[in-house]
1. Using the Cβ atoms and a cut-off under 15 Å, what net charge is assigned to the surroundings of residue 351, where Lys and Arg are +1 and Asp and Glu are -1?
2. Under the 0.36 nm per residue contour assumption, what length would be gained going from the current alpha-carbon distance of residue 53 and residue 75 to full extension?
3. Among 250, 152, 329, flag the residue with its Cα farthest along the positive direction of the charge dipole of the chain, charges on Cβ as +1 for Lys/Arg and -1 for Asp/Glu.
4. With both bridge residues required to lie in the chain, what share of the DSSP beta bridges run antiparallel, to the nearest 5%?
5. Might you report the magnitude of the Cβ-based charge dipole of segment 274-358 about its Cα centre, with Lys and Arg at +1 and Asp and Glu at -1, to the nearest 20 debye?
6. Count neighbours as other Cβ atoms within 10 Å of each site's Cβ, and list the GluC sites (Glu not before Pro) in segment 46-117 that are DSSP loop with at most 10 such neighbours.
7. So, with +1 on the Cβ of K and R and -1 on the Cβ of D and E, and no other charges, what is the size of the charge dipole of the chain about its Cα centre, to the nearest 20 debye?
8. Out of 119, 186, 93, whose Cα points farthest toward the positive end of the dipole of segment 87-186 (charges: +1 Lys, Arg; -1 Asp, Glu; placed on Cβ)?
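Nothing in this text is a laboratory measurement; each read-out follows from the coordinates by a stated rule. Since this is a predicted model, take the numbers as computed values, not measurements. Note that each Cβ is placed from the backbone with ideal geometry, even for glycine, and that neighbours are counted across all protein chains shown.
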Amino acid sequence: MKGKHLLKGRNFKVVALVAAAVLTLSACSSDSESGGEVGGEINVFLIPSPSSTSIQSFIPEFEAETGIKVNVSETPYGEAHQKQLLSYNQKAGAYDIAQFDNTYLAPFCQAKAMLPLDSYISGSDEYDINDFGQGQQDYGKCKGETLGLTLSTEPMIQWYRTDLYEKLGLTPAKTWDEYYENAKKVQAAGFGGQIMGFGPNVSWWWMTLVWSFGGALYDENLNPVVNSKEAVAATDYLKKLLEVSPKGAITATGDDTTSKFLGEDIGAMLNYSGYYGMALDPSINKNAGNIGTAPAPMGSADTTHLAGWNIGVPADAKNPDAAWKFLEFVLGKTNSVKYLESGAAAIGRQSIINNADLVAMNPYLPQLEIPSSSRIERYPQIAVWPEFEVAAIDAVTQVLTGKQKSQAALDALNEKLKPILAKEPKS
């Protein structure tokens, strides 16, 4: 969704500081006893986004029903995770609930900053963990423990202009070759062929292609493998797509990509489903009624790049039982439809995905059901990922701007990543 991914156009210096803090952070206790009665008040840390706005809309009803007072503080994305880690290190119990990007699940796990929620989940018919597919059940897990509930479900999917495709006799691509050929035909007809974010967030698309082409970023021993033949082929393909992209795509962020696709005549886009909220905004979407969605094309490997927010209970929370009660109230099955209708990015519950009325209003919802055959890939769950990502973006940009060939750029990147990955905590 716009609010989410606009914020994920991250300030890399701040992100790197967070990673550095994790590597030197003294571990917080993850053994907090919940204790106390379910009452009093809770302090909720949120990051400005449609999900945050939706969560806050439930507070009056929750307070009236439970008598629990809910206090909210918001911090912009670029500062939020560092602020959370510093708070957890102080063990002052400043927050009872915290929203965080799944990118930071590993650093929070390394710091033992979040309370495992499995005992709460297993005892909750209202939350009903079985309403989620296995991939979603595992999305907030680290080392086998659930540290964050799913706050949004955002796979990378294919978007296309139904009117342009119908006019040209095209169908959504099932393979990357088809995706490129479709874009060529749309471009030949005088329109923009396709668009991805080739600018500051290019790692999102590069990773998607590397995984789909059968490659990996590092092996099981944390050795970088970004210069494999699969990764080189994926990078070459990414550059090839620039040939069928509209002017300005080379600098496009995630938000820019979506705005261009919704406001101009462009045949297709690859982007996270969470951006669909922008399609509901008539001031942005000039092509309402002509936006279709489909699964991302498949390469040699059947993979799904999954992103999305998490939300959990800090290990030093003063009122964890009341915190769970609030999370269960907002994110449980009873209010799941209301949560979506309040403007948040969808959570991929089976009961949401299979709700015909909701699908009619939000036609992208079926794309949230990830086939069991597909291997889910998410932002790498390593504490040094922010530094890794900066290096990868620099290398891929060298290729896209014609300053280096893919093999040379990725060979250099592979060497640069060795000392970065060597810093990853081994616990």
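1. Working: positive: 333, 338, 349; negative: 125, 126, 128, 131, 341, 357, 369.
With Lys, Arg at +1 and Asp, Glu at -1, the net is -4.
2. 6.6 nm
3. In the chain, that residue is 250.
4. On the way: 23 of 38 bridges.
Percent antiparallel among DSSP bridges in the chain is about 60.
5. Values: 6 positive and 7 negative charges, 20 e Å.
In debye, rounded to 20, segment 274-358 gives about 100.
6. Numbers: sites: 61, 63, 65, 74, 79; in loops: none.
Taking segment 46-117 and a limit of 10 other Cβ atoms within 10 Å, no loop GluC sites (Glu not before Pro) are found.
7. Values: 35 positive and 48 negative charges, 288 e Å.
In total the dipole reaches around 1380 debye.
8. Selected residue: 186.
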